Amino acid sequence: YELALDTIEYAVTRMPFIAGDRFTAADLHVGALLGYSMQFGTIEKRPAFEAYYAKVADRPAAKRAAALDDAAMPKQG
């Protein structure tokens, strides 16, 4: 388990994105996995994971998608 987390940490810190300088589907997948897993406490919140997820979530397309998701949620109350 620790080796797997260390490997993911290495992957998200060695270059701007998983496959190099450009955002790819791999970043979408790893970013979503890290965000979800940290939110629900299934993996530890390492600074490298939090920084990587913040970078992925801060992309304009991610913000637009989040806004669409939020708008589609039923109103509570």
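Data overview
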read-out	value
Reported label for calculated mean projected area of the Cα convex hull in nm² given [x] 6.0; [y] 5.1; [z] 5.5	[x]
Order by protection proxy (mean Cβ within 10 Å, highest first), peptides 29-39, 7-17	29-39, 7-17
Largest-first ordering by accessible area, 1.4 Å probe, given options 63, 55	63, 55
³J(HN,Hα) computed for each position of the range 54-69 - Karplus, 6.51 cos²θ - 1.76 cosθ + 1.60, integer Hz, glycine/proline x	4, 5, 5, 6, 7, 5, x, 5, 5, 5, 5, 5, 5, 5, 5, 4
Environment charge of residue 38, counting only residues whose C-beta is closer than 13 Å and scoring Lys/Arg +1, Asp/Glu -1	-1
Label zone at residue 36 (point 7 Å along Cα-to-Cβ), backbone N below 15 Å, the range 1-27	26-27
Nonlocal amide H pairs with residue 59, under 5 Å, H built at 1.01 Å	none
Residue-by-residue Karplus 3J(HN,Hα) for the range 38-50, coefficients 6.51, -1.76, 1.60, Hz, glycine and proline x	6, 4, 9, x, 8, 9, 6, 8, 7, x, 5, 5, 5
1.4 Å probe accessible area per residue over the chain, in Å²	73 Å²
Two-site label geometry, residue 44 and residue 25: point separation in nm, points 7 Å out along Cα→Cβ	3.3 nm
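The values are calculated or read from the model by the stated rules, or taken from the named source; none is laboratory data. Note that the structure is a prediction, hence the values are computed from the model and not measured. Cβ coordinates were reconstructed from backbone atoms using ideal geometry, including for glycine residues, and neighbour counts include every protein chain displayed. In case anyone asks, the SASA skips ligands and DNA or RNA and just uses the protein heavy atoms, side chains included. Shrake-Rupley method; radii C 1.70, N 1.55, O 1.52, S 1.80 Å.
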